[in-house]
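Below is one structure, written out as structure tokens; comments come after it.
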Amino acid sequence: AQRVTQPEKLLSVFKGAPVELKCNYSYSGSPELFWYVQYSRQRLQLLLRHISRESIKGFTADLNKGETSFHLKKPFAQEEDSAMYYCALRGYQKVTFGIGTKLQVIP
Amino acid sequence: NAGVTQTPKFQVLKTGQSMTLQCAQDMNHNSMYWYRQDPGMGLRLIYYSASEGTTDKGEVPNGYNVSRLNKREFSLRLESAAPSQTSVYFCASSEVKGRSNEKLFFGSGTQLSVL
């Protein structure tokens, strides 16, 4: 079985403050982890994937197999970062999502 | 560049009515998915199709059926709608190439209300 846990439904931070959206996973095989984002009135879209080790819009995420985590981080939050963020795990044939964390950046 | 197209965008049903949500992708993807999005529940997988001619249950398949009509199209049917099926439904597609983890492309969603 594959499972993704996002413990926070809502995270509020002030503009300029650091952001960390938590994601833990459970999977017996080698995981493929992603972060997807849904801005208001837009489609869900990929933010970043662990295999690329990239930084998108200032966000980074490191896969920690020991802690089975894939937390999303950004050093300085911007108002335009306000959105729903979903952590996702691709297992055999299917993709499982967490419940999502709503990030609210307060001006 | 249409990507993933879902129809309809909005639908209101009465309890017991049936309907089919349509989804088509023009990216020649093998894998297609149906998710429902509910507040506090996130995205839950209803059914998926890893390739043309195959379909499998996801986390919440009860009350739904699917058809992978061809490589492009993957429809979701509610045979007898219930208020618990009020949700936003998303279709998605992806390509898996070897061990490469490809991203999901999502449709714009169908907002369904069952009264």
Shielded by partner chains, segment A:20-68 residues - at least 20 Å² of accessible area, 1.4 Å probe, vs chain alone: A:GLU32, A:PHE34, A:TYR36, A:GLN38, A:ARG43, A:LEU44, A:LEU46, A:ARG49, A:ILE51
Members of B:LYS9/B:LYS57; A:LYS15/A:LYS65; A:LYS9/A:LYS73; A:LYS22/B:LYS9 lying beyond 22 Å, as alpha-carbon distances in this model show: B:LYS9/B:LYS57; A:LYS15/A:LYS65; A:LYS22/B:LYS9
For segment A:16-26, in order, what is each residue's ³J(HN,Hα) by Karplus, 6.51 cos²θ - 1.76 cosθ + 1.60 with θ = phi - 60°, in whole Hz (x at glycine and Pro)? x, 7, x, 10, 9, 9, 8, 8, 10, 9, 9
Taking the Cα centre of chain A as origin, sum charge times position over the Cβ atoms of Lys and Arg (+1) and Asp and Glu (-1), and report the length of that vector in debye to the nearest 20. 260 debye
Output ordering of A:17-24, A:39-46 (per-residue mean of other Cβ within 10 Å, highest first) is A:17-24, A:39-46
At most 11 other Cβ within 10 Å, DSSP loop - GluC sites (Glu not before Pro), segment A:33-107: A:GLU67
Give me the percent of accessible area attributable to carbon and sulfur for chain A, probe 1.4 angstrom. 49 percent
Roughly how crowded by other chains is peptide A:83-94, in terms of the mean Cβ count from those chains within 10 Å of each of its Cβ atoms? 3
Taking the Cβ-Cβ separation of B:LEU115 and B:SER51 as r and a Förster radius of 25 Å, what is the calculated FRET efficiency to the nearest 0.05? 0.10
Here P(r) for chain B, Cα-Cα distances in 5 Å bins, as whole percents, is 2, 13, 24, 26, 19, 10, 5, 2, 0
Total accessible area buried between chains A and B, 1.4 Å probe, in Å² to the nearest 100? 2000 Å²
Accessible area in square angstrom per residue, chain B, 1.4 angstrom probe: 46 Å²
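By the scheme Lys and Arg +1, Asp and Glu -1, what is the net charge of all other residues having a beta-carbon under 10 Å from that of A:PHE59?
Once all neighbours under 10 Å are counted, the net charge is +1.
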Over the Cα atoms of the protein assembly as shown, how large are the radius of gyration and the largest Cα-Cα distance (Dmax), in Å? 17.4, 51
Round to the nearest 10 and report in Å² the accessible area of A:LYS57, as given by a 1.4 Å probe over the protein chains' heavy atoms. 120 Å²
Starting from 0.36 nm per residue, how many nanometres of slack lie between A:PHE76 and A:GLN104 once their C-alpha separation is accounted for? 8.8 nm
So what's the Cα pair-distance distribution over segment B:51-115, bin width 10 Å, in %? 17, 46, 30, 7, 0
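The values are calculated or read from the model by the stated rules, or taken from the named source; none is laboratory data. Model, not experiment: these values are computed from the prediction. Counting neighbours? That spans all protein chains shown, and the Cβs are built from the backbone with ideal geometry, glycine included. Each accessible area value is taken on the protein alone, full model and side chains, heavy atoms only, with ligands, DNA and RNA left out. Shrake-Rupley method; radii C 1.70, N 1.55, O 1.52, S 1.80 Å.
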